[in-house]
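*Asks:* After the C-alpha cells below, expect a handful of questions from me.
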Amino acid sequence: MAKKSRLQWIEDERNPLAQNRMLFRSLRHDVRRAALYRDLAARGFPALAFKSVLRMRSNASWPSETVYLLTARQDIALALQQGSVKPYSELDSGGRFMLGVDAPAAHRDQREKAEKALAFPPAQINACVQEALARTMVLAERLGEFDLVRDVAEQAALRLMSILFGMPAKAYYVLEQGMQAAYTRLTFQIIGRHFVENDGLPPPDSRATAEGKKRVEQVALDAAQGKDFPEFWDEHVHVGNASGALAKSFPGDPEMQKIVILGLIAGTAGNVASAVANTMDWFFRQMWQGELLIDRAGRAARRDDGAELDGLVDLALSMRPPAPFLTRVTRSPMRVTGIDGELEPGTTLLLALGADVPCDWSLVFGGDLSGPPYMHSCIGRHLALPLVRETVRQVLRLPGLARVIDPATGRPKPLVKQWGAGCLSFPLRYARARRMNQQPLFLSLKIKEPVAQNALILKELTRVGAPVVERALAEANNVHFAWFGLIKGDTHLFMYTVYDGDFDAYVEHFAMKVPLFNEQFRFLEGAPPTPVRDHPREFVEFLRKNNNAPLGGYFYSAYPGAGVADIQNAGLGQT
C-alpha cells in the first residue's frame, strides 16, 4: 500500500479545524512546506481550500470562512493584478496607506509621491548601504555568536531607513520597537489570522500600544519637519531627507505624512530581515561547499565574490521569497487551477509566492514595476536589494562562519519564523578570535560584613600581593591590562582585565598560579571553595557567573587582531 503524501493527509481530513492545523504545520516550516508544494506541483498546482479560524461576524457556524491557497504561478499573477487589498485596510493605517488602497487614482497619487521621495541615485544608495552596515557590524563583529535576524539584518535595514528618512539616532530604539510590531501585525493580517487567534502583541487599545504608537509617530513627524537633531556621530553620508520630501507631497496632512513614512519603513525593514535570513539559510542548506557557494547548475562563487555572489543571492530569493505569502480578496468571479466553477467575489486568497520555484523574479516583489497590472508591487526594491546583497556578502566574510549547535539535540539551531513568514531568529557563530583577539573580564564581588574593615584588608592584600600577581600575569603572556579596585562606596571589589583567547584557559591559569585569590575570597560573599588550585572548575564557574559582559556586547580595541605575544615580538611592549 502506497504511503500517503502530505497533501493527501490534509485532503482526507474531514474535521475542518484538524485540517487547518495540519495545513498550518506544513506552511509554517520550510522543509515541510517544500514537501507540500512538491505534492501540489505533481498535480499541476491546484488551489487548496481550507477553513480559516477567523471568526466571522455572521450567524454561520464556526469555522465559516473558506480561504483558497493559490500555488500556481498564473493564479498568483492574476490575483495580484485583479484582487482587492482589503485585508490590509484593517492595519493601523486604517486603509489610508497605499498597501491597503484599492482605488486606482488614490493609490497612483500616493505611489507616485512615494516613488519621487525614494528616487535616490544608485551611487547614493550604495554609499548609504555601506554606512548602514558599518554601523551595524560594529556590534555584530564583537560577538562570537549573534542572531542574524535581530543583530544584523533588521539592524542594517533600520539604520539604512534612518539615514534615508532623516531619523535621529536618539529615536532608534523607538523606531526599532515600532517597526517590529508593525511588521508582526502585517504578517498576522496576511497569514497568521487564519491559523491562530491573535498576533501575540498587546491589545490595540492598551495603554502600552497607544504610548508606543504615539512615540514612533512623533519620530516620523519630527523627521518630516526636518528638525536639526544632535547626533551621536558625524553623519558621513549626506542625503536628501525622504521624510521631508513626503511632507511636502502631503502638505497640511500630518496624519498622512506619518502613515506613509512609517509604512514604507516597516515594510522595507521586515522584508530585508526576512530576505537576508532566508538567503543565508538557503545557502547553508543547499549551496555551501567548503569556501564556495555552488548552485545546482554548477555555478560557483566565492564568499567574497561580487556579481557572481549577487547572482546566487538573487537565486536564493527566487527560491525563498522574502514575503512567502501575500493576501488578496476577489473583486469579481475568478477561475483558479483545480477548482470547478468560479470563486465568488469576496473570497479570501492566500498567495504562496514560493510554491512554483524558482519564483518568477517579478513576483518576488509582488509584480513587475514596469507594468500597470501590478498596482501594489513593491516600490522599495531598489533600496532593499542592494542592502540584502551587501549584508549577505559581509556576513559571509566572517571567518569560520557556521550555524550554532543546540547542545540539547546536537543539531544546528534552525531559522525561526512567525507563522511561516516573518523571520524572528537565526543564531550563527564565527571565529571571533580571528577578527578580535582580546576579551574583557570585569568582576564585581560583594564584600562581607564588616564591610569597611574587610575593604581595608583587601586593599592591604592587593598592596602586599601585587608582586605575585605581576609575575603570574607576565608568565601567562596573554594579558594586556589588569587591575583591582573598590566600587559602590567601597562595598564591592572589582577586578578588570583584558586578555587574549579562551576564557576557561585564561582563568584556570590563575587558579593555579595566584594564591592571592585564596586570601581575597575569605572576605567576599559567595566565594568558591579554597584553596583555588584544588577547585579550578568551581573557580572558573564563579568568575563566569560574576563577569559583567560589556553593555550591548560593545568592546573597543585599537588593535583587535594583535595578541600580547605579537606586540612583544614586535618590540612594542618594551619599556
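The values are calculated or read from the model by the stated rules, or taken from the named source; none is laboratory data. Being a predicted model, the structure only gives us computed values, none of them experimental. As a convention, Cβ positions derive from the backbone with ideal geometry for all residues, glycine included, and neighbour counts pool all protein chains shown.
*Asks:* Need the failing condition index for Ala114 against (1) in contact with a strand residue (DSSP E or B) (Cβ under 9 Å, 6 or more places away or on another chain); (2) crowded, with 19+ Cβ neighbours inside 10 Å, just the number.
*Replies:* (1) is the only condition that Ala114 fails.
*Asks:* Which residues, counting only those in the stretch 501-536, are modelled with pLDDT of 85 or more and acidic (Asp, Glu)?
*Replies:* Glu519, Glu525, Asp534
*Asks:* Consider only pairs whose beta carbons are under 7 Å apart and that are at least six residues apart or on different chains; among these, list those whose first residue lies in the stretch 161-173 and is at positive phi and whose second residue is in a loop (DSSP other than H, G, I, E, B).
*Replies:* Matching pairs, first to second residue: Gly166/Gly226; Gly166/Asn241.
*Asks:* Return the residue satisfying two criteria in turn: it lies in the stretch 1-26 and is of a type in the set (A, V, I, L, M, F, W, C) and in a helix (DSSP H, G or I), and of such residues it is nearest to Ala42 (Cα to Cα).
*Replies:* Among residues in the stretch 1-26 that are of a type in the set (A, V, I, L, M, F, W, C) and in a helix (DSSP H, G or I), the one nearest to Ala42 (Cα to Cα) is Leu7.
*Asks:* Same structure, new question: Does the stretch 28-44 hold any residues that are under 17 Å from Tyr68 (Cα atoms) and out of contact with any strand residue (DSSP E or B) (no Cβ under 8 Å at 6 or more places or on another chain), and which are they?
*Replies:* Listed by number, the residues that qualify are Arg33, Leu36, Asp39, Ala41, Arg43, Gly44.
*Asks:* Next question, about the same structure. Please verify whether the stretch 387-395 includes one or more residues that are part of a strand (DSSP E or B) and in the same structural domain as Gln130 (by TED's automatic domain parsing).
*Replies:* Scanning the stretch 387-395, I find no residue that is part of a strand (DSSP E or B) and in the same structural domain as Gln130 (by TED's automatic domain parsing), so the answer is no.
*Asks:* Restricting to the stretch 306-350, name every residue that is part of a helix (DSSP H, G or I), in contact with a Phe, Trp or Tyr (Cβ under 7 Å, 6 or more places away or on another chain) and surrounded by 20 or more Cβ atoms within 10 Å (Cβ to Cβ).
*Replies:* Across the stretch 306-350, the qualifying residue is only Ala316.
*Asks:* Which residues, counting only those in the stretch 387-416, are polar (S, T, N, Q) and surrounded by fewer than 15 Cβ atoms within 10 Å (Cβ to Cβ)?
*Replies:* Correct list: Thr409 only.
*Asks:* Is it the case, given these coordinates, that Gly552 is at pLDDT 90 or above and either in a helix (DSSP H, G or I) or out of contact with any Cys (no Cβ under 6 Å at 6 or more places or on another chain) (or both)?
*Replies:* Taking the combined requirement at face value, the residue does not satisfy it.
Residue-wise test of (1) in the same structural domain as Gly400 (by TED's automatic domain parsing); (2) under 27 Å from Gly400 (Cα atoms); (3) of a type in the set (A, V, I, L, M, F, W, C); (4) touching a His at 6+ places or on another chain (Cβ under 9 Å).
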position: Leu118; (1), (2), (3), (4): yes, no, yes, yes
position: Ala132; (1), (2), (3), (4): yes, yes, yes, no
position: Glu141; (1), (2), (3), (4): yes, yes, no, no
position: Val149; (1), (2), (3), (4): yes, yes, yes, no
position: Val152; (1), (2), (3), (4): yes, yes, yes, no
position: Ala156; (1), (2), (3), (4): yes, yes, yes, no
position: Ser162; (1), (2), (3), (4): yes, no, no, no
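*Asks:* Also, I was wondering about something else. Find the residue count for the stretch 441-455, including only residues that are surrounded by 14 or more Cβ atoms within 10 Å (Cβ to Cβ) and either among the aliphatic types (A, V, I, L, M) or not assigned by TED's automatic domain parsing to the domain that holds Gly489 (or both).
*Replies:* Within the stretch 441-455, residues that are surrounded by 14 or more Cβ atoms within 10 Å (Cβ to Cβ) and either among the aliphatic types (A, V, I, L, M) or not assigned by TED's automatic domain parsing to the domain that holds Gly489 (or both) number 6.
*Asks:* In the stretch 522-545, is there at least one residue being in contact (Cβ under 8 Å) with a residue 40 or more places away in the chain and closer than 30 Å to Met137 by Cβ?
*Replies:* The answer is yes; a qualifying residue exists.
*Asks:* Something else about it: Between a first residue in the stretch 420-446 that is touching a residue at least 40 places away in the same chain (Cβ under 8 Å) and hydroxyl-bearing (Ser, Thr, Tyr) and a second residue that is assigned to a loop (DSSP other than H, G, I, E, B) and buried (at least 20 other Cβ atoms within 10 Å of the Cβ), which pairs have beta carbons less than 8 Å apart while being 6 or more apart in sequence or on different chains?
*Replies:* From the stretch 420-446, the pairs are Ser425/Leu415; Tyr430/Leu398.
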